[in-house]
Amino acid sequence: MKIILAVLLAAIQLANAQSAIWGQCGGQGWTGATTCASGSVCTFSNPYYSQCLPGTAPAPSSSSTVSASPTTTVTGPSPTSTGSGLPFLGGVNTAGYDFSVATDGSFNGTGVSPPVAQYSHFAAEGVNIFRIPFAWQLMTPTLGGTIDPTFFARYDSTVQSALSTGAYVIVDLHNYARWNGQVIGQGGPTNAQFASIWSQIAQKYASTSKIIFGVMNEPHDLPQGTALWAQSVQAAVNAIRAAGATSQVILIPGSSYSSAQTLPTEAGPDLLKVTDPAGGVGKLVFDVHKYLDSDNSGTHPDCTTDNVSVMQTLVAWLQQNGNRQALLSETGGGNTASCETYLNNELSYVKANSASIVGFAAWAAGAFATNYTLSLTPNSDGSDQPLWIQAIKPNLP
């Protein structure tokens with residue numbers, strides 16, 4: 001399942017104190033500080049939440065209360081990115097080839113092919129991106145070895161079915177930065193072995209414009225830190241470009257299970273140093289995940305948060321660092337009333353801030369049964385799950 005580590009980014013301040021950057025500064029029922037530390041501005045998000053976001057406006061005096069409008073913008077350094085060139089993307093993960101990959105990167109299975117009829121089904125409803133995860137051990141049974149032609153033919157058939165709808169496809173290596181328990185570049189597979197699989201995949205899709213390379217699903221618990229992980233990511237980026245895939249977007253993930261919440265303070269500063277041999281950084285998009293249940297694991301049917309404050313912090317960080325972009329490639333919840341409300345709120349925010357968060361892919365359909373906790377798999381009669389109807393479909397492009 002999915003495990004997302006929650007990190008507390010905002011603390012309730014005393015009424016007479018200033019809220020720190022990223023702290024809450026307003027909203028219905030808020031009794032804490034309504035002024036922000038120097039260098040940040042109290043910015044309206046919704047009637048329930050305003051947040052101190054970095055900006056150039058001076059902090060208000062202690063005798064005044066900020067009433068920021070929804071159109072308040074965060075200013076930052078001159079842009080260093082011209083953007084990914086992607087339209088706003090909304091879609092779904094179609095799982096199956098990743099089944100039985102454990103969070104330690106071990107694998108014992110054959111994968112299950114997602115039903116290809118789902119691609120036309122979802123595309124007819126407005127989906128324009130599919131994420132298709134796979135196990136590393138299926139693609140290259142020997143670490144650092146060549147792609148297995150039988151499996152690739154099977155996987156590519158699925159990819160082509162998705163592409164045939166006109167949608168983008170994320171080719172997602174789903175191994176948690178590991179091979180059989182050992183971390184890439186940190187005692188496990190070498191960066192060269194990691195680069196090898198991406199060199200081979202990139203050669204296959206070098207001329208396919210709507211392929212997005214998802215270099216790794218949910219890195220976590222990196223024993224030697226995020227700086228070394230950024231070097232591993234750089235090796236994959238270099239290999240993809242050297243293989244001739246010079247125009248496609250590459251998703252670069254952080255740590256703590258690709259957490260959208262921890263990216264600004266954890267892996268993000270190191271990933272900002274990753275460069276693109278094809279030029280610029282616009283085609284290097286941060287890959288983030290965020291669930292909505294009580295422990296952010298994506299294992300419970302009920303949701304307890306809409307993640308809007310997390311996404312606000314992420315957007316501010318992206319803007320402050322050259323107007324970079326991220327893609328929410330995993331989020332979701334159960335088919336419950338709480339998730340219908342909270343996921344709709346989250347995705348509405350993402351869509352409204354598509355200049356920074358370019359899209360989302362909900363978890364998950366594909367080979368999952370309809371009784372899976374987070375299932376988005378259509379029913380046998382072709383009808384959709386309640387969460388899809390109430391929260392996801394309204395926020396598609």
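The values are calculated or read from the model by the stated rules, or taken from the named source; none is laboratory data. Remember, predicted model here, so these are calculated numbers, not experimental data. Positions of Cβ are generated from backbone atoms using ideal geometry, with glycine treated the same way; all protein chains shown enter the neighbour counts. Accessible surface is based on the protein model in full, side chains and every heavy atom, while ligands, DNA and RNA are left aside. Shrake-Rupley method; radii C 1.70, N 1.55, O 1.52, S 1.80 Å.
Only one of the numbered conditions (1) modelled with pLDDT of 95 or more; (2) in contact with a strand residue (DSSP E or B) (Cβ under 7 Å, 6 or more places away or on another chain) is not met by GLY298, and that is (1). Among the residues of the range 153-184, just one is open to solvent by 10 Å² or more (accessible area, probe 1.4 Å), assigned to a strand (DSSP E or B) and in contact with a Lys or Arg (Cβ under 8 Å, 6 or more places away or on another chain), namely TYR168. Of everything in the range 371-397 that is surrounded by 16 or more Cβ atoms within 10 Å (Cβ to Cβ) and among the small types (Gly, Ala, Ser), the residue that is nearest to PRO301 (Cα to Cα) is SER375. Taken as a whole, the range 331-352 holds no residue that is assigned to a strand (DSSP E or B) and either modelled with pLDDT under 95 or among the hydrophobic types (A, V, I, L, M, F, W, C) (or both). The residue list PHE368, PHE360 contains one member that is surrounded by fewer than 22 Cβ atoms within 10 Å (Cβ to Cβ) and touching a Gly at 6+ places or on another chain (Cβ under 9 Å), which is PHE368. Identification of strands (runs of 3 or more DSSP E) wholly contained in the range 10-126 with 3 or more residues that are modelled with pLDDT under 70 and surrounded by 19 or more Cβ atoms within 10 Å (Cβ to Cβ) yields 49-54. Residue pairs whose Cβ atoms lie under 6 Å apart, sitting 6 or more positions apart in sequence or on different chains, and linking a residue in the range 103-115 that is closer than 16 Å to ALA364 by Cβ to a partner that is surrounded by fewer than 17 Cβ atoms within 10 Å (Cβ to Cβ), do not occur here. Selection within the range 209-227: residues that are in contact with a helix residue (DSSP H, G or I) (Cβ under 7 Å, 6 or more places away or on another chain) and outside any loop (DSSP other than H, G, I, E, B). The member of this set that is nearest to ASN238 (Cα to Cα) is PHE213.
Scanning the range 285-313 for residues that are among the hydrophobic types (A, V, I, L, M, F, W, C) and crowded, with 24+ Cβ neighbours inside 10 Å, we see that the one that is nearest to the chain's Cα centre (by Cα) is VAL288.
Within the bounds of the range 333-349, is there any residue that is within 14 Å of the chain's Cα centre (by Cα) and open to solvent by less than 10 Å² (accessible area, probe 1.4 Å)? Working first, answer last.
Of the range 333-349, the ones within 14 Å of the chain's Cα centre (by Cα) are 346-347.
Adding the requirement that they be open to solvent by less than 10 Å² (accessible area, probe 1.4 Å) leaves 346-347.
Within the range 333-349, one or more residues are within 14 Å of the chain's Cα centre (by Cα) and open to solvent by less than 10 Å² (accessible area, probe 1.4 Å).
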